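Asks: Below are the structure tokens for one structure; questions will follow.
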Amino acid sequence: MAEEPGTVYFTGTAGAGKTKLVQAFAEWFKSSGYDAVTVNLDPGSEASETASDIDIREWVRLSDVMDEYELGPNGAQVAASDLIALKVFEVKQALEELRTDYVLVDTPGQVELFAFRESSRAIVDALSGDRSAIAFLFDPNLAKTPSGFVSLLMLSATVEFRFRLPTLNLLTKTDLLAAERIEEIVAWAEEPGRLSEAVTTEAPTPDVQLSTELYRAIEALAPLTTILPTSAVDRTGLEAVYRRLQQTFGAGEDLEPSHAPAEP
Ligand SMILES: Nc1nc2c(ncn2[C@@H]2O[C@H](COP(=O)(O)OP(=O)(O)OP(=O)(O)O)[C@@H](O)[C@H]2O)c(=O)[nH]1
Ligand SMILES: [Mg+2]
């Protein structure tokens with residue numbers, strides 16, 4: 001077992017599939033014979049409290065914050081994200097009691113809460129060390145149009161810029177997409193020319209300067225980008241994500257299974 005576990009923060013727009021992917025990935029780890037611990041950092045999560053090994057709702061719960069501070073759900077989310085930072089020591093202690101190779105962290109529903117609050121940076125710094133990464137989830141509902149894809153690419157770059165952590169782009173819910181659509185989205189990530197062409201075809205703009213600037217932005221972002229197709233339903237791509245994470249953490253090799261894989 002590595003000295004320090006690899007910690008992966010799953011983030012993305014509301015409903016992108018964070019909670020379900022964290023759970024599917026944890027199950028994949030277990031059935032492949034590796035160790036993983038799940039942490040829920042979403043105080044408003046509706047998932048069952050037993051679904052994560054460590055759950056922030058033990059300390060901070062959105063409905064309580066709404067009542068106590070007389071806030072609506074959005075204001076309460078903002079207040080809760082700062083209250084979570086005050087409980088990070090408790091979370092860290094709980095984590096240290098569960099020695100593991102990987103920590104999979106589910107983050108609050110709205111990406112801007114995780115990306116833009118200073119408290120998130122403090123939480124990430126406190127919970128994880130050098131072996132940390134972000135999995136940025138592309139919801140296929142948005143990612144299937146060229147303009148939606150570009151918007152997510154920019155959001156992912158913003159998250160990477162805020163946290164300065166290696167960021168993996170994952171397309172989620174691929175069981176809902178036809179194979180050609182998945183291929184097309186993967187190609188947009190890998191070939192900026194195709195993406196720019198698709199954007200211009202989708203919404204031709206008479207503003208030449210805007211198209212040129214947008215093209216430049218895409219060219220700057222896209223060559224650094226790949227996107228891995230995943231599905232929490234049929235488990236597509238989970239092994240590929242694991243291999244990419246191992247490379248990111250500089251481990252290169254796969255971990256030795258810490259116990260025999262479960263019999264199918
Ligand atoms: N078909 C399919 N549906 C999925 C998959 N992953 C998630 N979903 C569905 O998408 C919806 C949102 O999934 P969640 O995992 O709750 O997404 P989330 O990003 O955690 O959502 P919030 O925390 O509310 O922002 C749910 O209805 C899930 O059942 C998937 O791989 N395939
Ligand atoms: Mg969720």
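Asks: Checking the condition touching a Gly at 6+ places or on another chain (Cβ under 8 Å), closer than 30 Å to Val124 by Cβ and among the aromatic types (Phe, Trp, Tyr), which residue from Phe163, Phe149, Phe136 passes?
Replies: Phe136
Asks: Being within 14 Å of Leu104 (Cα to Cα) and within 14 Å of ligand 2 (Cβ to nearest atom) is the filter here; which residues of segment 1-16 pass it?
Replies: Of everything in segment 1-16, those that are within 14 Å of Leu104 (Cα to Cα) and within 14 Å of ligand 2 (Cβ to nearest atom) turn out to be Tyr9, Phe10, Thr11.
Asks: Answer with yes or no whether Ala24 is under 30 Å from Gly250 (Cα atoms) and more than 16 Å from ligand 2 (Cβ to nearest atom).
Replies: Here the answer is no, as Ala24 does not meet what is asked.
Asks: Separate question: Would you kindly identify the helices (runs of 4 or more DSSP H) lying entirely within segment 98-215 that contain at least 3 residues that are within 16 Å of ligand 2 (Cβ to nearest atom)?
Replies: Qualifying helices (runs of 4 or more DSSP H): 111-116.
Asks: A follow-up question, please. Could you please tell me which pairs satisfy a Cβ distance under 7 Å, a separation of 6+ or placement on different chains, a first residue in segment 52-66 that is farther than 21 Å from Lys20 by Cβ, and a second residue that is of a type in the set (Val, Ile, Thr)?
Replies: Close Cβ pairs satisfying both conditions: Val60/Ile84.
Asks: What is the residue count in segment 1-29 for residues that are among the β-branched types (Val, Ile, Thr) and part of a loop (DSSP other than H, G, I, E, B)?
Replies: Residues meeting the conditions: 1.
Asks: Residue under question is Val105, and the condition is that it be surrounded by 15 or more Cβ atoms within 10 Å (Cβ to Cβ), within 14 Å of the chain's Cα centre (by Cα) and at pLDDT 90 or above; does it hold?
Replies: Yes; evaluated as a whole, the condition is true for this residue.
Asks: Same structure, new question: Please specify each residue of segment 154-181 satisfying the condition of being away from ligand 1 (no atom under 13 Å from the Cβ), under 13 Å from the mean Cα position of the chain (by Cα) and not hydroxyl-bearing (Ser, Thr, Tyr).
Replies: Scanning segment 154-181 gives Leu155, Ala157, Val159, Glu160, Phe163, Leu165, Pro166, Leu168, Asn169.
Asks: Separate question: May I ask you to list pairs of residues, at least six apart or on different chains, whose Cβ atoms are under 7 Å apart, with the first in segment 19-37 being under 17 Å from Ala133 (Cα atoms) and the second being modelled with pLDDT of 95 or more and part of a loop (DSSP other than H, G, I, E, B)?
Replies: Leu21/Thr172; Leu21/Thr230; Leu21/Ala232; Val37/Asp53
Asks: Looking at Thr100, is it among the hydroxyl-bearing types (Ser, Thr, Tyr) and under 18 Å from the mean Cα position of the chain (by Cα)?
Replies: The answer is no for Thr100.
Asks: Can I ask one more? How many residues does segment 193-247 hold that are at pLDDT 75 or above, polar (S, T, N, Q), surrounded by fewer than 20 Cβ atoms within 10 Å (Cβ to Cβ) and within 13 Å of Pro146 (Cβ to Cβ)?
Replies: 2
Asks: Looking at (1) within 14 Å of ligand 1 (Cβ to nearest atom); (2) in contact (Cβ under 8 Å) with a residue 12 or more places away in the chain, find the lone condition where Ile185 falls short.
Replies: The number of the failed condition is (1).
Asks: Looking at segment 130-140, is at least one residue buried (at least 19 other Cβ atoms within 10 Å of the Cβ) and more than 30 Å from Leu83 (Cα to Cα)?
Replies: Scanning segment 130-140 turns up at least one residue that is buried (at least 19 other Cβ atoms within 10 Å of the Cβ) and more than 30 Å from Leu83 (Cα to Cα).
Asks: Condition check: without any contact (Cβ under 8 Å) to a residue 40 or more places away in the chain, crowded, with 16+ Cβ neighbours inside 10 Å, over 18 Å from the mean Cα position of the chain (by Cα) and closer than 20 Å to Ile134 by Cβ. Does Val88 satisfy that?
Replies: Judged against the criteria, Val88 is a match.
Asks: Also, quick follow-up: Go through segment 30-71 residue by residue and tally those that are within 16 Å of ligand 2 (Cβ to nearest atom), in a loop (DSSP other than H, G, I, E, B) and not acidic (Asp, Glu).
Replies: Qualifying residue count, segment 30-71: 9.
The values are calculated or read from the model by the stated rules, or taken from the named source; none is laboratory data. All values reported here derive from a predicted model rather than from experimental measurement. We place every Cβ from the backbone using ideal geometry, glycine too, and count neighbours over all the protein chains shown.
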